Amino acid sequence: MTNHEGVNNRIAVYPGSFDPVTYGHLDIIQRASKQFDTLIVAVLNNTSKNPMFTIEERKALLEEVTRDIPNVKVDSFRDLLVRFMKSKQAGTIVRGIRSVSDFEYELQMASTNHLLADDIETVFMMTNPKYSYLSSSIVKEIARFNGDVSELVPPYVRERLIEKGSVK
């Protein structure tokens, strides 16, 4: 359903750095893909961070781990999220929430995005409790010290971490 502003509320964007994609991200992707006709997983090119994986590598990781979900597309952006949304005619932002502190930050972002584009909605999805502690930063920290990340990331992602020399 397209509204008067030209955005489609059946197309959603799940933005993030995904450096690397974790089982927590994948849980949100799988659940959100059931709620929308199209879910665009959008990798943010955040110039203020020093990522382990390049944009292209993160996109490839996401494409591999979502290949069995037909309505998921993977893309990247380096502009304001609402501009990316308009370029894709997407009407909904999907954000995962793990904790109260996540909610405070995400509420601030949702309010800012609403100020910039009041025709775009934000939907919060509570994470599966078994992933409530999980973040890409934790995965990278464990990987840096050669810890076992097999319960945290899909096998394909673990293999790429090994190739990066981060995991034994």
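Just to be sure I understand: with springs between alpha-carbon atoms less than 10 Å apart, which residue in Leu44, Leu80, Leu134 has the highest mean-square fluctuation in the Gaussian network model of the chain? Greatest mean-square fluctuation among the candidates belongs to Leu80.
Note on the range 1-127: with charges restricted to the Cβ of Lys and Arg (+1) and Asp and Glu (-1), its dipole about the Cα centre is near 120 debye. Helix 23-33 and the longest principal axis of the C-alpha atoms of the chain enclose an angle of approximately 30°. Just check the range 1-76 against the gyration tensor rule for me: Cα atoms, a ≥ b ≥ c as the square roots of the eigenvalues, rounded for a/c under 1.5, and otherwise prolate or oblate depending on whether a/b exceeds b/c. Here the range 1-76 falls in the oblate category.
Take every Cα pair under 8 Å whose residues are at least 6 apart in sequence, average their separation, divide by the length of the chain, and the relative contact order is 28 percent.
Give me the percent of DSSP beta bridges within the chain that run antiparallel, rounded to the nearest 5.
Working: 1 of 22 bridges.
In the chain, approximately 5 percent of DSSP beta bridges are antiparallel ones.
Taking one equal scatterer on every alpha-carbon of the range 49-91, how large is log10 of I(q)/I(0) by Debye at q = 0.13, 0.21, 0.32 1/Å? With no solvent term, the Cα-only Debye profile gives -0.36, -0.84, -1.04. With contacts taken as Cα pairs under 8 Å and at least 6 residues apart, the range 97-168 reaches a relative contact order of 26 percent.
Contact order, relative form, for the range 1-82: 33 percent (alpha carbon pairs under 8 Å, 6 or more residues apart, mean separation divided by residue count).
Students sometimes get this wrong: rank Met126, Met109 by accessible area, probe 1.4 Å, all chains present, largest first.
Working: Met126 115, Met109 70 Å².
Output order, biggest surface exposure first: Met126, Met109.
With the whole protein complex present, Arg10 retains an accessible surface near 90 Å², based on a 1.4 Å probe. The C-alpha atoms of the chain define a longest principal axis, and helix 100-116 lies at about 40 degrees to it. Heavy-atom accessible surface of Met52, to the nearest 10 Å², is about 40 Å², with a 1.4 Å probe and all protein chains retained.
Using the Kirkwood radius built from alpha carbon pairs, what does the Stokes-Einstein equation give as D for the chain at 25 °C and 0.890 mPa s, in µm² per second?
150
The values are calculated or read from the model by the stated rules, or taken from the named source; none is laboratory data. Just so you know, these numbers come straight off a predicted model, no measurement behind them. Quick reminder, even Gly has a Cβ in these numbers, built from the backbone with ideal geometry, and neighbours come from all protein chains shown. The area values use the complete protein model at the heavy-atom level, side chains included, leaving out ligands, DNA and RNA. Shrake-Rupley method; radii C 1.70, N 1.55, O 1.52, S 1.80 Å.
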